[in-house]
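Before any comments, here is the structure.
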Amino acid sequence: MNYYSTNGKAPIADLEKAVVKGLAEDRGLYMPENIYKLPQVFFNDIDKMKFQDIAYNVASNFFGDDVDGDALQDIVYDTLSFDCPVVKVSDNIYALELFHGPTLAFKDVGARFMARLLQYFLRQGSSACGCATATNGTVNVLVATSGDTGSAVANGFLGVEGIHVYVLYPKGKVSPIQECQFTTLGNNITAVEVDGVFDDCQALVKSAFMDEELNKHMRLTSANSINVARFLPQAFYYFNAYARIKEQLPNSQMVMCVPSGNFGNICSALFGHEMGLPIKRFIAANNANDVFFQYLKTGRYEPKPSIQTLANAMDVGDPSNFARIINLYSQNNQFTPEATHYRIANLISGATYSDEQIAETMRKCYSETGYILDPHGAYGYRALQEGLREGEVGVFCETAHPAKFKEKVDNILGIDIEIPARLRAFMEGKKQSVPMTKDFADFKAYLMQQ
Ligand SMILES: *Cc1c(COP(=O)(O)O)cnc(C)c1O
């Protein structure tokens, strides 16, 4: 499969280059030239299949041209070592629990899949994108994090041969649970504790990618959510959701609601829809960072600085994957902006809520159903409660385990939520990190010694 850039000014890439580079030379996002439909027989029998097998079918349909079948099956099975249950919460509303992975984040799937795919390409011995000039064969992944991405990427890449990960995080600005998920691992994971804020970490990573001398010294790549190998595997979840709903309620009209920040997760669901997944329509739930909601209303996209809310993983004022959604529904600029907006608004509706509304939703859901929503999933639940029409079945993504936001959830619900054993295990490890200033010269000097 070939990949083109949403900005249209970069050379066509193959999958390997798209994964290794992440972003195209013109700073656009990579898009596949084709999205193939899955055959009808697959959907007829999908309710009899388990998560891993469904995912393998989807992965073959998408990555099958580029990755050997046995290797791909191995990658998918290794990535999905956990379940993705659909749980009934109230009449016609179901939670798709995406938090049963190693770090209890839905980002675990993309992180692990990308790590294994990169390893596959390294073993093939080719070297995409001119990295061959680098003296050291190891690929170095740089990732800046405000919490969740760092833990998912670190755990996904842990122990993967030939790859070293540097997680840059702002000192004192990530929660203790999150911090120990990437500082206690050791092995091929190095945590870099930056004396600054998240934006400083991101600036260090960006400068590193642009520094010629450093790129000659070591092979650098990124693992953020714009990477094809990180966002697309999230589509597995949606095929599984459809299968589990079909099992319980055959012939239902399914509406999928996704609490969104950078729009990678909902974008993977839309790719699934293009592959033929019978989802009737989508709802993108937003917090106060509502640029997508505004776009649906007005047809204009006006990015804004992000605002801090209760659901911090959705605090994104200029979602990267918006460009991918526009490109998908304009069919790479074949439709006018007006026609594209019409097509998008026809399929996806929006919702936006305040922190107060979400706290109220969490309390109400808990007292009426006993289900503990995390602040992110609560946006999805509320949007379905308000937006579901007669005869539809709604499924929302519960994107995080509520214990990951223990303080907030305990406070809002007046409970003392138990921390799962998997999270507690991280907290018992020994913290190791490299202290760093926010000055690029220091970071570069450190990397040049590696
Ligand atoms: C990353 C994340 C989101 C937002 O997902 P996007 O793909 O960025 O839209 C929502 N909730 C949680 C808990 C997350 O970690």
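Relative contact order, whole percent, for segment 248-350 stands at 31, derived from Cα pairs under 8 Å and 6 or more residues apart. Computed on segment 79-189, with alpha-carbon pairs under 8 angstrom and 6+ residues apart, the relative contact order is 24 percent. Please list, or write none, the lysines whose alpha carbon is within less than 23 Å of the alpha carbon of Lys9, excluding same-chain residues fewer than 8 places away. Straight-line reach from Lys9, under 23 Å: Lys17, Lys21, Lys206.
Listed values for segment 211-221 are Karplus-derived 3J(HN,Hα) couplings in whole Hz (6.51 cos²θ - 1.76 cosθ + 1.60, θ = phi - 60°), namely 7, 4, 4, 5, 5, 6, 6, 8, 7, 10, 8, and x replaces Gly and Pro.
Taking packing as the residue-averaged number of other Cβ atoms within 10 angstrom, the listed peptides 59-70, 244-255 run from highest to lowest as 59-70, 244-255. The 3J(HN,Hα) values that the Karplus relation (6.51, -1.76, 1.60; θ = phi - 60°) gives for segment 442-448 are, in residue order, 5, 5, 5, 4, 5, 5, 5 Hz. Gly and Pro appear as x. Shown here for segment 357-428: trypsin sites (Lys or Arg not before Pro) in loop regions (DSSP other than H, G, I, E, B) with at most 16 other Cβ atoms within 10 Å, namely Arg389. A straight Cα-to-Cα reach below 15 Å connects Lys50 with the aspartates and glutamates Asp78, Asp83, Glu247, residues fewer than 8 places away in its own chain not being considered.
Taking every DSSP beta bridge that has both ends in the chain, the antiparallel portion is near 20%. With only the Cα atoms considered, segment 239-370 has a convex hull volume of 120 Å³ per residue. Largest GNM mean-square fluctuation among Ala235, Ala191, Ala425, using the chain with Cα springs under 10 Å: Ala425.
Residues whose amide H comes within less than 5 Å of that of Asn188, counting only those at least five positions distant or on another chain, are Gly159 (H built at 1.01 Å from N in the peptide plane).
How much mean residue ellipticity at 222 nm does the chain get from its helices, if each DSSP H run of length 4 or more adds -39500 (n - 2.57) and you divide by all residues, to the nearest 500 deg cm²/dmol? Computed ellipticity for the chain at 222 nm equals -13000 deg cm²/dmol. Hey, what D do you get for segment 4-109 in µm²/s if you plug the Kirkwood alpha-carbon radius into Stokes-Einstein at 10 °C and 1.306 mPa s? The calculation lands on 97 µm²/s. For Lys364, the aspartates and glutamates whose Cα falls under 18 Å of its own Cα, not counting residues fewer than eight places away in the same chain, are Asp91, Asp355, Glu356, Asp374, Glu386, Glu398, Asp410, Asp416. Under a Gaussian network description of the chain, with springs only between Cα atoms under 10 Å, the residue in Ile46, Ile358, Ile226 that fluctuates furthest is Ile46. Hydrodynamic estimate: the Kirkwood radius of segment 264-337 over Cα pairs, inserted into Stokes-Einstein at 37 °C and 0.692 mPa s, corresponds to D of 243 µm²/s.
A DSSP coil position with no more than 15 other Cβ atoms inside 10 Å describes the following GluC sites (Glu not before Pro) in segment 14-58: Glu25, Glu33. So what is the diffusion coefficient of the chain in µm² per second by Stokes-Einstein at 25 °C and 0.890 mPa s, using a Kirkwood Rh over Cα pairs? For these conditions, the coefficient is 110 µm²/s. If you sort Tyr36, Tyr238, Tyr371 by accessible surface, 1.4 Å probe, largest first, the order is Tyr36, Tyr371, Tyr238. Here the Kirkwood formula, the inverse mean of 1/r across different C-alpha pairs, assigns segment 25-183 a hydrodynamic radius of 18.1 Å. Among the GluC sites (Glu not before Pro) within segment 372-450, those in coil by DSSP and having at most 16 neighbouring Cβ atoms inside 10 Å are Glu390, Glu418. Mean separation of Cα pairs under 8 Å and 6 or more residues apart, divided by the residue count, gives the chain a relative contact order of 19 percent. Distances between placed amide hydrogens fall under 5 Å for Leu220 paired with Asn140, all partners being 5 or more residues away or on another chain.
Under 5 Å between amide hydrogens, built in the peptide plane, is the criterion, and for Ala285 it picks out Val258, Ser260 among residues at least 5 positions away or on other chains.
The values are calculated or read from the model by the stated rules, or taken from the named source; none is laboratory data. It should be emphasised that the depicted structure is a prediction, and the values quoted were computed from it without experimental measurement. We place every Cβ from the backbone using ideal geometry, glycine too, and count neighbours over all the protein chains shown. Areas reflect the complete protein model, heavy atoms only, side chains present, ligands, DNA and RNA absent. Shrake-Rupley method; radii C 1.70, N 1.55, O 1.52, S 1.80 Å.
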